[in-house]
Amino acid sequence: MPQYQAVKGTRDIFPEEAAQWKYVERVVHTFASLYGFSEIRTPVFEYTELFQRGIGSTTDIVGKEMFSFQPDPKGRSLTLRPEMTAGVMRAALQKNLLSSAPVHKLYYIGELFRKERPQAGRQRQFSQFGAELLGVSSPAAVAEVITLMMEIFDSLGLHGLKLRINSLGDTEDRLRYREALQLYFTPFHDILDEASKERLEKNPLRILDSKNPALQELIAGAPRLYDYLNDSSVQDFEKVLFYLAERNIAYDIDYRLVRGLDYYCNTAFEVTSSELGAQDAIGGGGRYDGLSRELGSSVEVPAVGFAVGMERLLMTMEKQGLFALLDSDNPLVYVVVQQQDLVDHGLQIAWRLRRAGIKTEIDLAARSMKAQMREANRISASYALFIGTMECTTGLYALKNLVTSEQTTLSLEAVLELLREQAEKEPLKS
Ligand code: AMP
């Protein structure tokens, strides 16, 4: 066992898997751009208060899952970002983005950090991609964000995902509901677990999120938030559902869906995969009109967004065999040097091939010709280009197609032309 291991809850991504990541990331970039979203990259750490204000101090994330540190004794506490939305909103407000245009559509792919108990599908460092639509949160905007997310899943070939959706109403709806929940749960105070007792005081909605099996029956009997919505909240929600239906996006209304973060309002949604175990949520999101004010903005910035966990998405794709057809990153040509005194010539040829945009590999470990051929086959190079004394003197090179075993002798110009043509048929995959 080597002396150093990766920290529990983190993992390494080796090249074969990295190719899967790149493939998914490329699809995300393509679809985000198709829907008019531009990429934003924010810092990995922020002031701790940003998350305390932005996520809410009663949430598990802020309560117990943040990696916080103080860079110097007098410095302000900093926290590795546990989610992206607060940072994106902070950046937008800081730059006064909304003054340049009333609507900004941003997306991201980035690493997050939560001090959770590591288990399958739950890490301490993980990645999400997501989108945030700032400046408007009308039903059309909500539907646009959900559509983008579902189109990405669809394009990746995922099947069997379940989209659950609910409306959390506006602030007043939720205040009325909050009181109703407190009235409902208070007589059962003694049978609540410690976490739920605490939530009963601070944020009773979150009791509905509890996974404690002993509480499920009690939770099932609780009043429904939906019954406390005012007419305009209901109309909004129905309009979102209308757009989804128009786009053939299947959904289930789940009146129990509340989501963990405090700043959500109106539509909230979650996507689950039956392919995953206990941690079955792949992504989710919703409207968060209240966040900007929570972060000190003098004007409210209506907003809606979603976030999808990359690791869980990749796990689901793997289980559904969706990477089987992923092109491998193999080189087009392997430059095989027949004798070591020709290495420099071989290196020069490899450089010229690469300059011409041809994916080329060459041995750097002074291996025998036989070992070079074995390596060319191992990494599935399509061609081998031989460098021998004959080639160096005549300027004619033997090029072998490693799939058909056909061999031809060509000038370097002709080799470049032939391989360039092949490269165009089989563009660089990354
Ligand atoms: P959340 O921000 O908690 O709504 O999470 C959005 C998505 O991120 C989830 O649906 C998961 O796919 C993913 N996710 C959240 N926490 C973790 C974690 N600790 N490890 C891996 N993925 C996570």
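The values are calculated or read from the model by the stated rules, or taken from the named source; none is laboratory data. All values reported here derive from a predicted model rather than from experimental measurement. Cβ sites come from the backbone with ideal geometry, for glycine too, and all protein chains shown count toward neighbours.
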Inset, instruction - Could you please give the count of residues in the stretch 351-397 that are of a type in the set (A, V, I, L, M, F, W, C) and either without any contact (Cβ under 8 Å) to a residue 12 or more places away in the chain or within 15 Å of Q340 (Cβ to Cβ) (or both)? - result: 11
Inset, instruction - Write out, first by first residue and then by second, each pair whose Cβ atoms fall under 8 Å of each other, whose residues are 6+ apart or on separate chains, and whose first residue, in the stretch 333-348, is without any contact (Cβ under 8 Å) to a residue 40 or more places away in the chain while the second is assigned to a loop (DSSP other than H, G, I, E, B) and not hydroxyl-bearing (S, T, Y). - result: Q340/A366; V343/A366
Inset, instruction - Output the number of the condition that E65 fails; it satisfies all remaining conditions of (1) more than 20 Å from the chain's Cα centre (by Cα); (2) charged (D, E, K, R); (3) modelled with pLDDT under 95. - result: (1)
Legend entry - Subset of the stretch 300-319 [touching a residue at least 40 places away in the same chain (Cβ under 8 Å) and away from the ligand (no atom under 16 Å from the Cβ)]: V301, P302
Inset, instruction - Might you let me know whether the stretch 29-39 holds any residue that is of a type in the set (F, W, Y), in the same structural domain as R312 (by TED's automatic domain parsing) and within 16 Å of the ligand (Cβ to nearest atom)? - result: no
Legend entry - Residue identified as among the hydrophobic types (A, V, I, L, M, F, W, C), in a strand (DSSP E or B) and touching a residue at least 12 places away in the same chain (Cβ under 8 Å) among V271, V258, V234, V240: V271
Inset, instruction - Might you check whether a residue that is in the same structural domain as G277 (by TED's automatic domain parsing), over 18 Å from V234 (Cα atoms), among the charged types (D, E, K, R) and in contact with a Ser or Thr (Cβ under 8 Å, 6 or more places away or on another chain) occurs anywhere in the stretch 133-146? - result: no
Legend entry - All helices (runs of 4 or more DSSP H) inside the stretch 290-385 with 2 or more residues being surrounded by 16 or more Cβ atoms within 10 Å (Cβ to Cβ) and within 32 Å of the chain's Cα centre (by Cα): 291-294, 310-319
Legend entry - Residue ID - nearest to Y255 (Cα to Cα), chosen from residues in the stretch 181-225 that are of a type in the set (D, E, K, R) and part of a loop (DSSP other than H, G, I, E, B): R224
Inset, instruction - Please work out which residue is surrounded by the most Cβ atoms within 10 Å (Cβ to Cβ), limiting yourself to the stretch 118-162 and to residues that are in contact with a strand residue (DSSP E or B) (Cβ under 7 Å, 6 or more places away or on another chain) and among the β-branched types (V, I, T). - result: V142
Inset, instruction - Name the single residue, out of those in the stretch 270-289 being surrounded by fewer than 24 Cβ atoms within 10 Å (Cβ to Cβ) and not small (G, A, S), that is nearest to A101 (Cα to Cα). - result: D289
Inset, instruction - For G169, work out the one condition from (1) under 27 Å from the mean Cα position of the chain (by Cα); (2) on the phi > 0 side of the Ramachandran plot; (3) surrounded by 15 or more Cβ atoms within 10 Å (Cβ to Cβ) it doesn't fulfil. - result: (1)
Inset, instruction - Pick out the one residue from K105, K115 that is away from the ligand (no atom under 14 Å from the Cβ) and outside any helix (DSSP H, G or I). - result: K105
